[in-house]
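Report on the following structure.
The values are calculated or read from the model by the stated rules, or taken from the named source; none is laboratory data. As the structure is a computational prediction, the values presented were derived from the model and not from experiment. Here the Cβ positions follow ideal geometry from the backbone for every residue, glycine too, while neighbour counts run over all protein chains shown. These area figures cover heavy atoms from the full protein model, side chains too; ligands, DNA and RNA do not enter into them. Shrake-Rupley method; radii C 1.70, N 1.55, O 1.52, S 1.80 Å.
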Amino acid sequence: MMTIPCPHCGVRDENEFQCGGTAHLTRPALDASDREWGEYLYFRDNPKGGHRERWRHAYGCGRWFNLVRDTVTHEISAVYPITETPPR
Amino acid sequence: MSNRYSAWALVRGAFARHANWPAAWRDASPKPAYDVIIVGGGGHGLAAAYYLAKNHGITNVAVVERGWIGGGNTGRNTTIIRSNYLYPESARLYDFSLRQYERLSEELNYNVMVSQRGLVLLAHSRHDLDAMSRWANAMRMNGVDAELIGRDELASRVPGLDLSPRARIPVLGGFVQRRAGTARHDAVAWGYARAASALGVDILQNCEVRGFVTSDGRVTGVDTNRGRIAAGRIGIAAAGHSSVLAALAGFRLPVTSYALQALVSEPVKPVLDTVVLSPGTGAYLSQSDKGELVIGAMLDLFPSYAQRGSFAITQSILAGVLAMFPAYARLKMLRQWAGIVDVVHDSSPIIGPTPVPGLYINCGWGTGGFKGIPVGGWTLAHVLATGENHPLAEPFQLDRFTNGRLIDEAAASGIAH
Ligand SMILES: Cc1cc2nc3c(=O)[nH]c(=O)nc-3n(C[C@H](O)[C@H](O)[C@H](O)COP(=O)(O)OP(=O)(O)OC[C@H]3O[C@@H](n4cnc5c(N)ncnc54)[C@H](O)[C@@H]3O)c2cc1C
Ligand SMILES: [Zn+2]
């Protein structure tokens, strides 16, 4: 079981959280081509290693935030607010 | 096949105290070049190699596996085979697969232990009942067997299921696909490997693809830890690692990798002679021929390449199983593990060309591709051999994610993934 540091509530067990998938996807303009729209909706890097992703503290404060997490070790290397750009 | 298995062969083996059984297939060393290379020695890759040789006469083929064959999801799954899908495209695909399974032991001369013990899906609410009537009716319209069953039949088919008024999770009914069941997962990998190897296919283990070689944009080979191997056509069948291989070839897939876990209990006497699946609790179970209860879970719903399962899901699945079968409370669990599955948005596979000429892919089976091994291998072999999609695979192309023709099979998982 992972423990996840909610920026608002502190470190809590994984089953209080819900993962919202890859972070920082930008919605294309309305005149986007089918290809761009499909890329946005479905195509992902799906990296083996570091991944920037959104999480929600569903059974806690209910708020969204971002994590940088390794998809192999599950180690969390950064936590930052949902509106912020990822750390370098 | 040089060594046909039969009852007579068993008797002969017994006289030699079973000491002289030869290896079932050749563990080959890489040649510099092949006509076709398949990346991934799971069921889909091995089946593709077999059907390339058998259906198309292409035998200069290598299956390149980074670990050992069947060491991926093919050797980690809960072995359920079924074809209870909603849409005509899926019904055709999966029922073709189930029909191949029905004759696979004869086809391969290898006992894959297909057991059509039926699959029961439980309805826990009025809405479940309505949804299941629609589902079962759709299956029958597509020519696949399905029957709605009531609580009386459930009581006799699934002993131990809590149908009492006090049940924590009420069961109102369900439906059964009687032709569904289980097969031995390792045997499927080994049987295809043996049959392919006998037809001349090279199986290369401990051989990891680390890059693709291209020339004028076409794929011409792979770089591996055992050197460069050339081939004009290459098929990828790497399940949870599909995106990693796609990235090596320079494109992306509509795939996210998740851990899917399962557990087995200590072996007990026969208590359950069918497969039971509860969409409501996310759990499904069957009893193996050795007596272990084989319990499958829902996904660990965050991206992962770690082949373990989160304890949070283990807990909730066991809670679900015990709510349905209170009598199992004293069973001890022996093992828990996970495999990395390749999930796409519409829960339907992708079998066909990639953006790189000469490179083809079979992926996206997610939580349910064991049942699809025969058809996945068959259709990947077809496109590798002919350059044309097999009619069964035509709807299951990568372009559906840009033109919007998804085949949205919530039924693919059967449980709420
Ligand atoms: C716990 C669990 C339960 C499941 N239950 C069921 C079920 O009951 N019924 C059902 O139908 N399906 C089930 N599935 C899904 C099913 O197991 C898979 O869809 C199916 O086995 C996929 O087969 P495959 O041959 O595509 O992949 P795999 O068997 O995973 O084979 C892919 C192979 O590719 C190799 N590979 C990866 N990268 C490289 C590389 N770079 N170079 C060389 N080789 C590489 C891997 O080592 C692996 O052996 C379950 C899965 C899991 C994990
Ligand atoms: Zn919180």
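Net charge near A:I82, counting Lys/Arg +1 and Asp/Glu -1 over other residues with Cβ under 10 Å of its Cβ?
Cβ neighbours under 10 Å give a net charge of +2.
In the stretch B:1-86, what trypsin sites (Lys or Arg not before Pro) fall in a loop by DSSP, with at most 11 other Cβ atoms inside 10 Å?
B:R4, B:R17
Quantify how much of the Cα-Cα distance distribution of the stretch B:231-382 extends past 24 Å, in percent.
Roughly 42 percent, rounded to a whole number.
Counting only DSSP beta bridges with both residues in chain B, tell me the antiparallel percent, nearest 5.
The answer is about 70 percent antiparallel.
List the equivalent ellipsoid semi-axes of the stretch B:271-322 in whole Å, largest first, each obtained as the square root of 5λ for an eigenvalue λ of the Cα gyration tensor.
Whole-Å semi-axes of the equivalent ellipsoid: 22, 13, 9.
When averaged across all projection directions, what area in nm² does the alpha-carbon convex hull of chain B cover?
20.5
Which whole number in µm²/s is D for the protein assembly as shown by Stokes-Einstein, with the Kirkwood Rh taken over Cα pairs at 37 °C and 0.692 mPa s?
138
Report, in cubic angstrom per residue, the convex hull volume of the C-alpha atoms of the stretch B:64-152.
About 149 Å³ per residue, rounded to a whole number.
Taking all protein chains together and a probe of 1.4 Å, list B:H127, B:H56, B:H241, A:H51 from the most accessible to the least accessible.
The most accessible residue leads, giving B:H127, B:H56, B:H241, A:H51.
What net charge is computed for the residues neighbouring B:I313, neighbours being all others with C-beta under 13 Å from the C-beta of B:I313, Lys and Arg scored +1, Asp and Glu -1?
Surrounding charge for B:I313 is -2.
In peptide B:238-246, how many Cβ atoms from other protein chains are near each Cβ within 10 Å, on average?
2
Please find, in a Gaussian network model of chain B (springs between Cα atoms separated by less than 10 Å), the residue of B:N77, B:N111, B:N362 whose mean-square fluctuation is greatest.
B:N111
For chain B, with a Gaussian network of springs between Cα atoms less than 10 Å apart, report the residue from B:I350, B:I373, B:I407 with the top mean-square fluctuation.
B:I407
Can you pull out the chymotrypsin sites (Phe, Trp or Tyr not before Pro) in the stretch A:1-87 whose DSSP state is coil and whose Cβ has at most 12 other Cβ atoms within 10 Å?
In loop regions of the stretch A:1-87 (DSSP not H, G, I, E or B), the sparsely surrounded chymotrypsin sites (Phe, Trp or Tyr not before Pro) are A:Y59.
Can you give the mean number of other chain Cβ atoms that lie within 10 Å of the Cβ atoms in peptide B:298-304?
That works out to 6 on average.
Looking at B:Y51, B:G67, B:N20, which one has the Cα that reaches farthest to the positive end of the dipole of the stretch B:1-84 (charges on Cβ: Lys, Arg +1; Asp, Glu -1)?
Of B:Y51, B:G67, B:N20, it is B:N20.
Ignoring ligands, DNA and RNA, please state the percent of accessible area on chain B from carbon and sulfur, probe 1.4 Å.
Answer for chain B: carbon and sulfur cover 53 percent of the accessible area.
Which whole-number percent is the relative contact order of chain B (Cα, under 8 Å, 6+ apart)?
23
Within the stretch B:133-225, which trypsin sites (Lys or Arg not before Pro) sit in a loop by DSSP and count at most 16 neighbouring Cβ atoms inside 10 Å?
Qualifying residues, ordered by number: B:R166, B:R168, B:R178.
Treating the beta-carbon of each Lys and Arg as +1 and of each Asp and Glu as -1, no other charges, what is the dipole magnitude of the stretch B:124-281 about its Cα centre, to the nearest 20 debye?
180
Using a 10 Å cut-off around each Cβ of peptide A:71-82, what is the average number of partner chain Cβ atoms that fall inside?
2
Express in whole angstrom the spacing between the alpha-carbon centres of the stretch A:18-88 and the stretch B:361-388.
The stretch A:18-88 and the stretch B:361-388 have Cα centres spaced 30 Å from each other.
Before rounding to the nearest 500, sum -39500 (n - 2.57) across all DSSP H runs of length at least 4 in chain B and divide by the residue total; then give [θ] at 222 nm in deg cm²/dmol.
Theoretical 222 nm ellipticity from helices: -8500 deg cm²/dmol.
Between B:T386 and B:K290, what is 0.36 nm times their sequence separation minus the Cα-Cα distance? Round to one decimal in nm.
30.3 nm
Among the listed pairs A:K48/B:K371; B:K31/B:K54; B:K332/B:K371; B:K290/B:K371; B:K54/B:K290, which have their C-alpha atoms separated by more than 23 angstrom in this model?
Distance filter (> 23 Å) returns A:K48/B:K371; B:K332/B:K371; B:K54/B:K290.
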